[in-house]
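The next block holds one structure in the form of structure tokens; read it before the comments.
The values are calculated or read from the model by the stated rules, or taken from the named source; none is laboratory data. All figures in this text were calculated on a predicted structure; none of them were measured in a lab. Cβ atoms come from the backbone with ideal geometry, glycine included; neighbour counts cover every protein chain shown. Just so you know, the surface numbers come from the protein's heavy atoms only, side chains and all, with ligands and any DNA or RNA stripped out. Shrake-Rupley method; radii C 1.70, N 1.55, O 1.52, S 1.80 Å.
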Amino acid sequence: TRYGSFIDEIDQFDPQFFGISPREANSLDPQQRLLLETSYTALENAGLPPFDLQGTATGVFVGLSFDDYAQRSVRSGDFSRIDAFSSLGNTRSIAAGRIAYVFGFQGPTMQLDTTCSSSLLAVHLACQSLRSGESNLALAGGVNLMLSPEVTIGFCKLKALSKDGRCKTFDASADGYGRGEGCGVVVLKRLSDAVANQDNILALVKGSAVNHDGVSNGLTAPNGAAQTAVIRQAIANANLEPEQIQYVEAHGTGTSLGDPIELLALNRALGEKRSEPLVVGSVKTNFGHLEAAAGVAGLMKVILSLQHKQIPPHLHLSNPNPHIPWDRLAVEVPQSLIPWTVAENESRRAGISGFGMSGTNAHLIIEEAVNEAD
């Protein structure tokens, strides 16, 4: 395939705003540039002056898997294209370190790569850091840009990609995933600190869990039992019951193998005692699979859905996958915008799944933030 979901103008960057020389900026992986811009915007939206946090215990947790830009410089085969800045500009760990350096953060800082679950793992570890007191503020997210053909060619050889570049999740025509570009960063605090500071709280992370597939039918093949286990662990961590989750943002890559396994795992973890069906969707049907940034994209969709109290439609579902036993599952896939209704005195809650090609699985439990003025 030659299709994908791309961001325009990724070559545009104001380096001097971040104290970076134009010459150095030329050697920076655009993923590093995009992370700087998005981190600044996230802090600004949170009402936190980004450059006033110098010396604070602010952590940075970044999911980043591929470094395509390096194919144009340090790994191009032309040694003359390597300059004083290109090595650091294309080292994955520096992507997180540069954020902390530019803003002067002194909390734990790390780049994470578990492929498709990287940015959800980043949120999980950021929450752990906050709970332990290691951080007082944390930035967590991920980035993915497609700047060189090698990775796409490899995935084509693996038969992992959809011919039309679209994720047709849960549909009979599902033939793989469409690659997408994106970057997302969320700002996290302990709830007590956010309330004391009168911050604008968009949602609560109630619980999270991480595990690994272990042995499955293949190195990249999903393990339904492990998926069920990580969801149950996240619910236990949140001190909730399965029926208290109304919606799940599925990993939902749109593969004939993965889709049935995921829905069966979801049903085992969340569907057994339900009086109302579990609503399931995937943002990947909107703009493709963002790989290392996929989890944070799903998180942002869920937060927006909670704010609007509506669940958006799941796209490209015209003929449900016949390998999924729909009549035996307590799930519903919305094909139009629907209200997110809950019983009186009940909060809106969602699960978010991220299952890495590496075998590392992550799941978050998110709850709406209730404004006392409502």
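Which residue, of Ala292, Ala236, Ala226, is hydrophobic (A, V, I, L, M, F, W, C) and under 16 Å from the mean Cα position of the chain (by Cα)? Lay out the reasoning, then the answer.
Details: Ala236 fails: under 16 Å from the mean Cα position of the chain (by Cα); Ala226 fails: under 16 Å from the mean Cα position of the chain (by Cα).
After ruling out the rest, the residue left standing is Ala292.
Here's the yes/no breakdown for (1) under 20 Å from Leu266 (Cα atoms); (2) open to solvent by less than 10 Å² (accessible area, probe 1.4 Å):
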site: Lys301; (1), (2): yes, no
site: Gln307; (1), (2): no, no
site: His314; (1), (2): yes, yes
site: Pro322; (1), (2): yes, no
site: Leu329; (1), (2): yes, no
site: Pro334; (1), (2): yes, yes
site: Asn345; (1), (2): no, no
site: Ile366; (1), (2): yes, yes
site: Ala369; (1), (2): no, no
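Out of Val230, Val210, Val185, one residue alone is crowded, with 22+ Cβ neighbours inside 10 Å and assigned to a strand (DSSP E or B). It is Val185. Among the residues of the stretch 6-46, the ones that are open to solvent by 60 Å² or more (accessible area, probe 1.4 Å), more than 17 Å from Cys183 (Cβ to Cβ) and touching a residue at least 12 places away in the same chain (Cβ under 8 Å) come to 3 in all.
Keeping to the stretch 48-72, report how many residues are of a type in the set (Gly, Ala, Ser), assigned to a loop (DSSP other than H, G, I, E, B) and either under 17 Å from Phe105 (Cβ atoms) or in contact with a Phe, Trp or Tyr (Cβ under 9 Å, 6 or more places away or on another chain) (or both).
Total meeting the criteria: 2.
Each residue in the stretch 296-315 was checked for being within 13 Å of Arg349 (Cβ to Cβ) and out of contact with any Phe, Trp or Tyr (no Cβ under 6 Å at 6 or more places or on another chain), and 4 pass. The one condition from (1) modelled with pLDDT under 95; (2) in contact with a helix residue (DSSP H, G or I) (Cβ under 6 Å, 6 or more places away or on another chain); (3) open to solvent by 60 Å² or more (accessible area, probe 1.4 Å) that Ala373 does not meet is (2).
Would you check if there is a residue in the stretch 124-142 being under 22 Å from Glu24 (Cα atoms) and in contact (Cβ under 8 Å) with a residue 24 or more places away in the chain? For the stretch 124-142, residues under 22 Å from Glu24 (Cα atoms) and in contact (Cβ under 8 Å) with a residue 24 or more places away in the chain: absent.
Within the stretch 61-111, the residues that satisfy the criterion of being touching a Gly at 6+ places or on another chain (Cβ under 7 Å) and among the β-branched types (Val, Ile, Thr) are Val62, Val102, Thr109. Please go through the stretch 256-284 and pick out each residue that is of a type in the set (Ser, Thr, Tyr) and surrounded by 24 or more Cβ atoms within 10 Å (Cβ to Cβ). Matches in the stretch 256-284: Ser282 only. Restricted to the stretch 150-167, and to residues there that are surrounded by 19 or more Cβ atoms within 10 Å (Cβ to Cβ) and in contact with a helix residue (DSSP H, G or I) (Cβ under 7 Å, 6 or more places away or on another chain), the residue that is farthest from Asn321 (Cα to Cα) is Leu161. For the stretch 4-47, a residue qualifies if it is among the aromatic types (Phe, Trp, Tyr), within 24 Å of the chain's Cα centre (by Cα) and in a helix (DSSP H, G or I), and exactly one does: Tyr40.
Residue-wise test of (1) within 28 Å of Tyr40 (Cα to Cα); (2) touching a residue at least 60 places away in the same chain (Cβ under 8 Å).
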residue: Met146; (1), (2): yes, yes
residue: Phe155; (1), (2): no, no
residue: Gly176; (1), (2): no, yes
residue: Arg179; (1), (2): yes, yes
residue: Val230; (1), (2): no, yes
residue: Ala234; (1), (2): no, yes
